[in-house]
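So the structure is just underneath, and the comments pick up after that.
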Amino acid sequence: MSTVTLNIGPKTYTIACADGEEAHIEGLGAMIAEKYALLGASRAPLEAQNLLFAALFLADELAEARKRGGGTEPVVAPHPDTAEADALRETIAQLEDELEAMRKAAAAAAAAPQPDLFVGAAAAEDVGEAVAEQLEALAARIEACATALEAAAPSA
């Protein structure tokens, strides 16, 4: 267990959190402090009311973001478990291996003797287009996995 000290308004709060979560909690605290600062001189006499107003600002932003996104899922990705992140890394490694194999196959096909321009040229063009489509699809899968891994990675 670790602790993080958050400065929100005139008060300091010490929060317990899991090891490795410190930066994430500090980021959340900074968001709350930012919304608290929006209250300016119109702060309520009770600190609990001020924190409630800061929370309402954040809830309003979340509701608007969900409305724009058209769903009710959280806008911020949940903190991934290590197994999920490891599985994504493994998938990315496999896809990168597949991409490399396809690149080698494409290079070998390009180095092979070219067909007669008048006989079978259309078939060779079809094969080239098929390889290009497969490479594009594989690259898209790698990018999707990389995006998922980045979204799942804890914020620094």
Report task. May I ask you to list the residues of region 86-114 whose amide nitrogen lies under 13 Å from a point 7 Å from Cα along the Cα→beta-carbon direction of residue 135? Result -> 99-111
Query raised in the report: Rounded to the nearest 0.05, what FRET efficiency is calculated for residue 43 and residue 150 with R0 set to 41 Å and r the Cβ-Cβ distance?
Result: 0.60
Requested in this report: Please report, in debye to the nearest 20, how large the charge dipole of region 1-45 is about its Cα centre when each Lys and Arg carries +1 at its beta carbon and each Asp and Glu carries -1 there.
Outcome: 360 debye
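Read-outs: derived from the displayed coordinates by stated rules, not from any lab. Just so we're clear, the structure is a prediction, and the values are computed from it rather than from any experiment. Note that each Cβ is placed from the backbone with ideal geometry, even for glycine, and that neighbours are counted across all protein chains shown.
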